[in-house]
1. Short version: ³J(HN,Hα) in whole Hz for each residue of segment 37-49, in order, from phi by Karplus 6.51 cos²θ - 1.76 cosθ + 1.60 (θ = phi - 60°), x for Gly and Pro, what are they?
2. How large are Rg and Dmax for segment 256-321 when calculated on the C-alpha trace, in angstrom?
3. How high is the FRET efficiency between LYS352 and GLN373 when r is their beta carbon distance and R₀ equals 22 Å, given to the nearest 0.05?
4. Subtracting the Cα-Cα distance from 0.36 nm times the residue separation, let me have the gained length for MET262 to VAL364 in nm, one decimal.
5. Can you give me the long-range amide H partners of GLU141? Hydrogens built in the peptide plane at 1.01 Å from N, cutoff under 5 Å, separation of 5 or more residues or another chain.
6. Taking a virtual spin label 7 Å from the Cα of ARG243 along the C-beta vector, which residues in segment 170-187 bring their backbone nitrogen under 20 Å of it?
7. Which of the pairs LYS352/LYS387; LYS84/LYS387; LYS281/LYS366; LYS88/LYS274 have their Cα atoms more than 31 Å apart in this structure?
8. Which of VAL18, VAL42, VAL70 ends up with the largest GNM mean-square fluctuation for the chain, with Cα atoms connected below 10 Å?
Amino acid sequence: MSNQPTIYIIDVTNRDGVQTSRICLSKLEKTMINLYLNEMGVFQSEFGFPFTHHETNYLNANLELAKKGVISPLRLSGWLRATKEDVKTTFKLVPAIKHMNLSISTSDQMITHKFKGKLDHQSIIKEMTEAVKEAHKLGVESIGVNAEDASRTRMDYLIEFSLAAKEAGADRIRYCDTLGCDTPFSMYERIRALIEAIKMPIEIHCHNDLGLVVANSIAGAKAAVDAGEDAYINTCVNGMGERAGNADLVSVILAIKYGSGMQGYSLDKRIDLKKAWKICKYASYAFSVPIPINQPGVGANAFAHESGIHADGALKDRRNYELYDFEELGRGEPEIIETGRKITAGEYSGIKGFRNVSDKLELVFKDDAEATQILELVRYANVHNQKPLVDDELKFIAKYPDIARKIFTMHP
Ligand SMILES: [Zn+2]
């Protein structure tokens, strides 16, 4: 079945994840997440808010990395409201942007109680289609149109809205279960009905308010494929995201690969789960949010056995009590933690200490002047992150100093 539709991953950690209350990422940390998502073979990263001024340098710097082939083939897409003004501001601030998600609410609840008469059903479609056309005029390559609160939107209107988006030149519709009120049953039914009517690829964006986020995402993707279209599941690393979170990146991949009834559904071939351990550990550190002990795949207990029957069974044959292998997730290497003297590089470091750190990472500088220059950037990076830098961050700064400088720069 070579023409079977595919399930792709669009990760929204750098948008839904960071807009979440109480947690945030620095622009350097967002950049590292993009680099790791790229290594993991994810299709697209929704990398930020292109109309927001403090994002501008970070977004432009990451697009430069894309142009250099450092972040490639991962697509970098911006999120904005579906208005002509936001589209214009986006292209003014981030001219090289090629992919975007244009968002507007579509439910009666939001139209009545959020827009409060400012927009009605027809003017929402007008705003959205004008924004899509403007984005095309300014050189966009792909557009997802986001139906916010799609799960509480009347199906006939959702179809009308989606067909108008398609007609205006959108590539995908994002079905957004904004409140997390869907169940796998409603997801399957609604996505199937929607796609049979609109015949275009769909993005599935779910939230975990009922603890059903991964199940809903899989049910939606299955419905899309059954109806003959590609599905793009929105995920966040470690299930971060508004309120109870978005679909966890690793859980979604595992569910497609190992879930009963999912055999024969094809996941984007580029996905490499071996990078899962690294990106999840990094995101946990960057967000300062520990990985729960029972998190699928990457939690401390995901492959731990203690009770007599389980331990005996797992030792005899791992398949007795393990659904997938820890090696597949990039786990298994012991982690080495220095327990004696340790020199770190930070905002008040000097050149001798930095040389000790950089030698251990096998960073090579052509002379002392270059080492001093990189040290200065490392100081700024630490001011920027407010936590000790990890090896990959130090290596990144040493390799791309001009890009790093841009990422740290803001002009309020
Ligand atoms: Zn969301």
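Each value in this text was obtained by applying a stated rule to the coordinates, not by laboratory testing. All of these numbers come straight from a predicted model, not from anything done at the bench. Methodologically, a virtual Cβ is constructed for each residue, glycine included, from the backbone with ideal geometry; neighbour enumeration extends over all protein chains shown.
1. Result, ordered by residue: 4, 4, 4, 7, x, 5, 5, 8, 10, 7, 8, x, 10 Hz.
2. For segment 256-321, the Cα radius of gyration and maximum Cα-Cα distance read 15.1, 39 Å.
3. Working: r = 16 Å, r/R0 = 0.73.
That pair, LYS352 with GLN373, gives E of 0.85.
4. 31.9 nm
5. Hits under the 5 Å cutoff: HIS99.
6. Inside the label zone: 174-187.
7. Details: LYS352/LYS387 21 Å; LYS84/LYS387 39 Å; LYS281/LYS366 33 Å; LYS88/LYS274 40 Å.
Distance filter (> 31 Å) returns LYS84/LYS387; LYS281/LYS366; LYS88/LYS274.
8. VAL70
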